[in-house]
Amino acid sequence: MRRLLPALLLAIAPLTFAATDVSGKWAGMMDVKLPDGSVNSTPVTAEFKQSGGTITGTAGVAGMDQFALEKGALDGNQLTFEVHAPDGVYAVKATLATGTELKGEVAFTSPEGTKVTASLTLTRN
């Protein structure tokens with residue numbers, strides 16, 4: 001029995017990680033580093049719904065319009081999705097650092113072709 005328990009724990013550990021669920025409400029900050037070195041911080045919110053590796057839901061600036069997620073996916077601890085807002089497309093790549101914290105980057109492209117990157121930190125509510 002003493003040998004079986006460690007083997008069993010090692011066998012189910014990957015299943016526990018694979019069962020990660022990001023469903024729920026998240027809030028945090030998107031920080032854009034400007035050319036002059038200053039940082040423009042914007043509060044953002046998201047609500048995710050997970051079905052297997054597919055992520056749907058909404059995201060946007062806190063207290064403002066929320067937009068539908070597109071191409072949402074969770075692969076291991078890597079979350080990716082896009083938000084198509086009137087001011088452009090936000091492509092998000094984030095890592096689930098803990099069960100309650102996502103950290104990553106946002107690549108923004110305006111309709112005119114302007115590109116900006118930002119860091120993103122979200123915490124599950």
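A few comments on the model shown:
- In this structure, Val61 does not qualify as touching a residue at least 24 places away in the same chain (Cβ under 8 Å), of a type in the set (Val, Ile, Thr) and surrounded by 13 or more Cβ atoms within 10 Å (Cβ to Cβ).
- If the condition is being at pLDDT 50 or above, closer than 30 Å to Thr56 by Cβ and among the small types (Gly, Ala, Ser), then segment 1-39 contributes Ala19, Ser23, Gly24, Ala27, Gly28.
- Residues satisfying the stated conditions in segment 27-43, i.e. among the acidic types (Asp, Glu) and surrounded by 11 or more Cβ atoms within 10 Å (Cβ to Cβ): Asp31
- Scanning segment 28-58 for residues being acidic (Asp, Glu) and without any contact (Cβ under 8 Å) to a residue 60 or more places away in the chain gives a total of 2.
- Residue list for segment 86-96, restricted to those being closer than 12 Å to Val106 by Cβ and touching a Gly at 6+ places or on another chain (Cβ under 7 Å): Val92, Lys93, Ala94
- Odd one out for Thr56, checked against (1) farther than 17 Å from Gly104 by Cβ; (2) at pLDDT 95 or above; (3) of a type in the set (S, T, N, Q); (4) exposed (fewer than 14 other Cβ atoms within 10 Å of the Cβ): (4)
- Considering residues of segment 86-115 that are surrounded by fewer than 16 Cβ atoms within 10 Å (Cβ to Cβ) and of a type in the set (A, V, I, L, M, F, W, C) only, the residue farthest from Thr20 (Cα to Cα): Val89
- Residue within segment 102-125 that is hydrophobic (A, V, I, L, M, F, W, C), more than 17 Å from Lys33 (Cβ to Cβ) and free of Cβ contacts under 8 Å to residues at least 24 places away in the same chain present: no
- Considering residues of segment 116-125 that are under 15 Å from the mean Cα position of the chain (by Cα), in a strand (DSSP E or B) and not hydroxyl-bearing (Ser, Thr, Tyr) only, the residue surrounded by the most Cβ atoms within 10 Å (Cβ to Cβ): Leu122
- Every pair of residues 6+ apart whose Cβ atoms lie under 7 Å, when the first sits in segment 72-83 and is surrounded by fewer than 16 Cβ atoms within 10 Å (Cβ to Cβ) while the second is at pLDDT 95 or above and not in a strand (DSSP E or B): Ala73/Gly53; Asp75/Gly53
The values are calculated or read from the model by the stated rules, or taken from the named source; none is laboratory data. Remember, it's a predicted structure, so these values are computed and weren't measured experimentally. Neighbour counts run over all protein chains shown; Cβ positions are idealised from the backbone, glycine included.
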